[in-house]
Amino acid sequence: MTRKKRTALALLATCLALAGAPVRASDLKVVMESRLGNLDPILSASHQTRDHGYLIYDTLFGLDASQAVQPQMVESYTVSQDGKVYSFRLRDGLTWHDGKPVTAADVVASIKRWGQRDRMGMALTSITTDLAAPDDRTFALTLSQASGVVLEAFAKPSGVPLFIMPARVAATPVTEAITDYTGSGPFVFKASAYQPGVRAIYEKNPRYVPRSEAPSWFAGAKVAKVDRIERIEMPDPLTAVNALNSGEIDYLQNINVDLMPLVQTSEVTTRRLDALGYQVGYRLNHLQPPFTDKRVRQAALWAIGQGEIMQAQFGDPAHYSLCGAAFGCGLPYASDVSAAMVMTADPAKAKALLAEARYDGTPVGLIHISDIPSLSSVAPVMAQQLRAAGFKVELQAMDFMTMLSRRANQGPVSAGGWSIFVTSWHNTEIQDPLRNFMIVAEGKGSYAGWADVPQIGALTREFLTAKTQDERKAIAGRIQGIAYDEGVFAPLGSFARVSGVRKEIEGVLDAPANIFWNISKKGG
Amino acid sequence: MLGYLARRVAMTLPVMGVVALIVFALLHLAPGDPASIMAGDAASPAELAEIRARLGLDAPLAVQFVTWLGQILQGNLGLSLHSHKPVAEMIGSRLGPTFSLAVATVTVSLLVAIPMGVYAAWRRGRLSDRLVMAVAVLGFSTPVFVVGYGLIYLLSLKAGWFPVQGFTALTTDPVRFLRTATLPTLTLSTVYIALVARITRSSVLEVLGEDFVRTARAKGVPEARIVLRHALRNAAVPIVTVVGSGAAFLIGGVVVTESVFNIPGLGRLVVESVLARDYPLIQSLILLLSLVYILINLAVDVLYTVFDPRIRY
Amino acid sequence: MSALTTTGSAPRRAGRLLPRGSGLSACAALVLLVIGLSALVGPLVIAADPLHIDPVNRLKLPSAAFWFGTDAMGRDVFARVVYGARTSLLVGLASAALSLVLGTLIGLLAGYFRLLDGIVMRVMDGIMAIPSIVLAVALVAVTGANLGTVLLAIVLPDFPRVVRLVRGVILGLRQEAYVEAAVSLATPTWRILLRHMLPNTLAPLIVQGSFLVASAVLTEAVLSFLGVGLPPEVPSWGNVIAEGRTYFQIRPGLIFFPGLFLALTVLNINLIGDALRDALDPKLATRR
């Protein structure tokens, strides 16, 4: 071997040495459904970002498995007689990852940033007259009107959960992403080891003081029982199942239902960790023909039926359920007002409505998101149903990111616009009129679809300040009826994903988000 | 020689300039909107406008181009729209797998293809020649992902010799590296083997027809010695050329292969960034891959003078 | 620039694919004819609709009812593969034709007019320095996936090679006596270009064209496979393969049937291209 060759080989070896870092066998290795992109859980409503948030941030309150609000960072709180002044006291031992104590000022700054972004937070901000921290341990919220949903808003796990960040981080404008990932949660994010699209590393936070109650959903003790969590990105569902079978990973958030036969049940337990699941739904564009005509919108709702769509998407009825409730089935504000309109396909009724409206064949631009596996069959089947009812349909395939830019286009279909888009929300995100984006009907400046039905907004405000649960329930039912009648949106049913966990993993908690405290690894 | 080298390097500069212009035009004349990508699912029109202003997207295109070029030249590739990490860092963390895959592929290809080509030339016109060449054509015509899935099906799923997908770095676990890198390397090698085997065969044939070979034969030099000594040596220039120009196939193949085998390298980063419309990342990746390609071909030109002293510039 | 000039025309430079007279080109023509015919007539003959979604019959194995089985939406894979032949060949032929026309036009002008030559060729060098798959992927992704952008994504990286080829021929011809004679007789430039120059480029263009078709068919499949090709409901071989990836382990046919057709098509076009080269352009054929 010549000297040159040896030098070349040494160089090569160095390059290869830089290619990967060693991994420890005791790590918990998890694979989630899609990749972690944005790391700002206030800016992004992505569930991957939210689950990242639950690892490193703590919340003031947490929902427990009975959906009751339980204090988490808060030790105690009081509400004034008129329901307008809330006063909170933080519990002992709260520290940031850098060792500094969590103060009430941090909390106030965090609430303010969240209140500009989250739909429920914005509603709360609109009736807030004062938010202040009299001392390091206490903060107070003063409202102009009493509201029954303050604690729910602070505790809710979806949409944008109220994660508490240091005041310096929470000072970031809400249009800009945070770059400092200091939290006070049970795990610490190793920002230096983060490789987007490859892996993210979380280490146990030795300073975290858990509550004494038993863990339940987002409430109770958050005990980190593994030293390190390695989140690995595997874009291909098949690879992920094989990796789970072979023990290369310990936890797989989503097993593609068609790949269930491949799962080695001797090694892996499959479970629905999040039984609440997701609502699939679609919104119509009210600004452009053909959906400028209310009867044509109604025709579309009648033309589309849930059964065929969910069957094509999920194959086995065990993996989905049909549901005509705008605010989720089996949830507090479930209602069956006008449910038949969104559940069953009735092409005859749709045809009659189209004839009445003198539908002129203006094509329906149906956006088909092709890169989200849980939505891949929805739009094609919808197109087939709409065509069967006499609609002319242009199926516009695009990936999710393109959809975001395309959806902002308010022009006609012929000029890059659209008529229908399909999306999914977690059931906890749509379970009441305040957090539900699908019912939003506040015209051109609001959520895509741009329906302008002031009645829905008025009823939503009534909901915010309603005194009793019965009152709220009645209001929710009325909103649902109006939303369907006006063709603002329609639900398509709901599904819950199946997760897979290796047999040597213990203590995995059910919750409507993926949480990693309390999990331990045998022999790890 | 040095003068030639300097001229040759200088010639690549305008090419890089044109590449930069194309890349910029490609992404800025396109209808996609980086602001709506950053703002996410529930952004309001007002927020979008604010983000656009902050990113400088409302400045005239010429100004944006000059600003961007200036930053690139200073080594500032910008931040990813999604992860907000420096693009250079993201690319850097993906170099390892792609580099080891490319090196392994070129090595394997040359080791397999040159003997194949020489053998075919030596047995020209016979059945074994046709067979070897048929394999080469097949390798060139079969899409990389079909080869990949074929290998996975036979050697992973049926035989169980290799893991289905995934990648382990050499330094993490050398044995596992070999197990995970074998199939992607074979997959990527098919095109290269086909190219190199064919060029080897035809150049060896060409040399075998020349006068000095005839003379050597007449003098009774053994055929094997003629093929290995004279023919192969003279075939080096075309082989090096094909390895250089084939780098384009290699880069394209890397994109597909890393996607088939889920290897976290540059190729998968290209697909990820494109699907996520991460414009700064896409721009830098195209620039980098083009630069690599240009440099490889520069190296090839320089190698000519080494292999073939007759070439003078 | 010697190295860059060889880009992409590797099959040509690499010499003949197979020894002459193997009877393979006849065989290749036959296979291509069958694939071409099925693309042309197949859709008229088979009853199955490649777009029809059948939620009840998802992921079926091949059977008498579904020869190649069904995909995850219950669509007939056989129908999709047959219609896919139409898509792939259409994309292949159309983009090759576009590349040839555009490349010839620019090549003629660049080769004849010295002033244009420098600028045009620098731009072509720039385009050719970007690895073609990467350029195509980025192009489709930013402009949105449809037939037009896919064609553009294939043509843009390909046509500079045609420009280079034509320009080379023209540069050589300019020195020829009959061209100089025509120029001195004040023959209109367009006439010189069309009458005296264009015909000389035909033979190499036909050969180059066949390889362009093969590479375009491949590129379309790769783009669709990576998720940035034609819209997913369009039956194309790449799309069928892309949609079958997830189910590969339980339904390998979803990848193998379209993959087989794809490989056969490309292989045979390459073989025909070789035969064409031998017939039309003896200078390019390698010595035996």
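The values are calculated or read from the model by the stated rules, or taken from the named source; none is laboratory data. This one's a predicted model, so the numbers in the text were calculated from it and none came from an experiment. Backbone-built Cβ (ideal geometry, glycine too); neighbour counts: all protein chains shown. Heavy atoms of the whole protein, side chains included, go into the accessibility calculation; ligands, DNA and RNA do not. Shrake-Rupley method; radii C 1.70, N 1.55, O 1.52, S 1.80 Å.
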For region A:293-402, alpha-carbon Rg relative to the globular expectation (2.2 N^0.38 Å, N residues): 1.12
Kirkwood Rh, angstrom, region C:154-288 [1 / mean 1/r, Cα pairs]: 17.9 Å
Estimated FRET transfer efficiency (A:Glu394, C:Val56; beta-carbon r; R0 25 Å; 0.05): 0.40
Alpha-carbon centroids, region A:147-189 and region B:1-20: separation in whole Å: 52 Å
Charge dipole (the protein assembly as shown, unit charges on Cβ, about Cα centre) - positive-most of A:Met398, C:Ser63, A:Gly62: C:Ser63
Fraction of alpha-carbon pairs over 24 Å apart in region B:1-130 - percent: 59 percent
Exposure rank, largest accessible area first [A:Glu176, A:Glu356; 1.4 Å]: A:Glu356, A:Glu176
Ellipticity estimate at 222 nm from DSSP helix runs (n ≥ 4, -39,500 (n - 2.57)) divided over chain A, nearest 500: -8000 deg cm²/dmol
Among B:Phe212, B:Phe24, B:Phe162: highest mean-square fluctuation, GNM of chain B, C-alpha pairs under 10 Å: B:Phe212
Viscosity 0.692 mPa s, temperature 37 °C, Stokes-Einstein D of region B:87-307 from Kirkwood C-alpha radius, µm²/s: 173 µm²/s
MRE, 222 nm, helices only [DSSP H, n ≥ 4, -39500 (n - 2.57), over chain B, to nearest 500]: -24500 deg cm²/dmol
Rough spin-label spacing in nm, given labels placed 7 Å along Cα→Cβ, for C:Ile250 and B:Val306: 5.3 nm
Integer Hz, Karplus 6.51/-1.76/1.60 couplings in order for region B:258-265, x for Gly and Pro: 5, 6, 5, 9, 6, 9, x, x
Accessible-area value, A:Glu75, 1.4 Å probe, nucleic acids and ligands omitted, Å²: 90 Å²
Residue-count net charge about A:Phe187 - beta-carbon cut-off 13 Å; Lys, Arg +1, Asp, Glu -1: +1
Sequence-separation-based contact order of region A:37-184, relative, with Cα cut under 8 Å and 6+ spacing, percent: 33 percent
Most mobile listed residue (C:Trp67, C:Trp237, C:Trp190) in chain C, GNM with C-alpha springs under 10 Å: C:Trp190
Efficiency of FRET between C:Val183 and C:Arg122 - r from beta-carbon atoms, R0 22 angstrom, step 0.05: 0.25
Hz values of 3J(HN,Hα) by residue in region B:111-124 - Karplus curve (6.51, -1.76, 1.60), Gly and Pro given as x: 5, 8, 6, 5, x, 4, x, 5, 4, 4, 5, 5, 9, 3
Sites A:Glu442 and A:Asp510 - FRET efficiency at Förster radius 25 Å, r taken between beta-carbons, to 0.05: 0.10
Helix-only [θ]222 nm of chain C, DSSP H runs n ≥ 4, -39500 (n - 2.57) each, per residue, nearest 500: -22500 deg cm²/dmol
Note, ³J(HN,Hα) from phi for region A:131-139, Karplus 6.51, -1.76, 1.60, rounded to Hz, x at Gly and Pro: 9, 8, 10, x, 8, 5, 9, 10, 9
Inter-part distance where region C:41-86 and region A:434-497 are each reduced to a Cα centre, Å: 42 Å
Positive-end extreme of charge dipole, the protein assembly as shown - chosen from B:Trp68, C:Asn146, B:Asn234 (charges on Cβ): B:Asn234
Distant-in-sequence amide H partners of A:Val498 (H built 1.01 Å from N, under 5 Å): A:Ile255
Accessible area, probe 1.4 Å, largest first, for residues A:Cys323, C:Cys27: C:Cys27, A:Cys323
Charge context of C:Ala72, other residues only, Cβ under 14 angstrom, K/R +1, D/E -1: -1
Accessible area (Å², 1.4 Å probe, nearest 10) - B:Arg277: 10 Å²
Relative contact order %, region B:87-307, counting alpha carbon pairs below 8 Å whose residues are six or more apart: 28 percent
Accessible surface buried once B binds A (1.4 Å probe; total of both sides; Å²): 3500 Å²
Chain A: radius of gyration over Cα atoms, expressed as a fraction of 2.2 N^0.38 Å: 1.04
Amide hydrogen neighbours beyond the local backbone of A:Val393, cut-off 5 Å, H modeled: A:Val364
Test item: A:192-200 mean partner chain Cβ contacts at 10 Å: 6
Given charges at beta-carbon only (K, R positive; D, E negative), |dipole| of the protein assembly as shown in Debye: 4440 debye
Carbon plus sulfur fraction of accessible area for chain A, probe 1.4 Å, in percent: 54 percent
Candidates C:Ala39, C:Ala97, C:Ala29, ranked by Gaussian network fluctuation over chain C, Cα under 10 Å, top entry: C:Ala29
Debye log10 I(q)/I(0) at q = 0.07 Å⁻¹ for the protein assembly as shown, Cα point scatterers: -0.70
For chain A: relative contact order, % (alpha-carbon pairs under 8 angstrom, 6 or more apart): 19 percent
Spin-label model distance (nm) - B:Arg126 vs B:Asp173, 7 Å beyond Cα toward Cβ: 4.6 nm
Protein-only accessible surface order, largest first, of B:Ile296, A:Ile420 at 1.4 Å: B:Ile296, A:Ile420
Nearest-20 debye value, region A:35-150 charge dipole, Cβ charges on Lys, Arg, Asp, Glu: 300 debye
Spatially proximal lysines relative to A:Lys156 (Cα-Cα < 22 Å; intrachain offsets below 8 disregarded): A:Lys84, A:Lys112, A:Lys222, A:Lys467, A:Lys473
In nm, spacing of pseudo-spin labels at A:Ser266 and A:Ser144 (7 Å Cα→C-beta vector): 6.8 nm
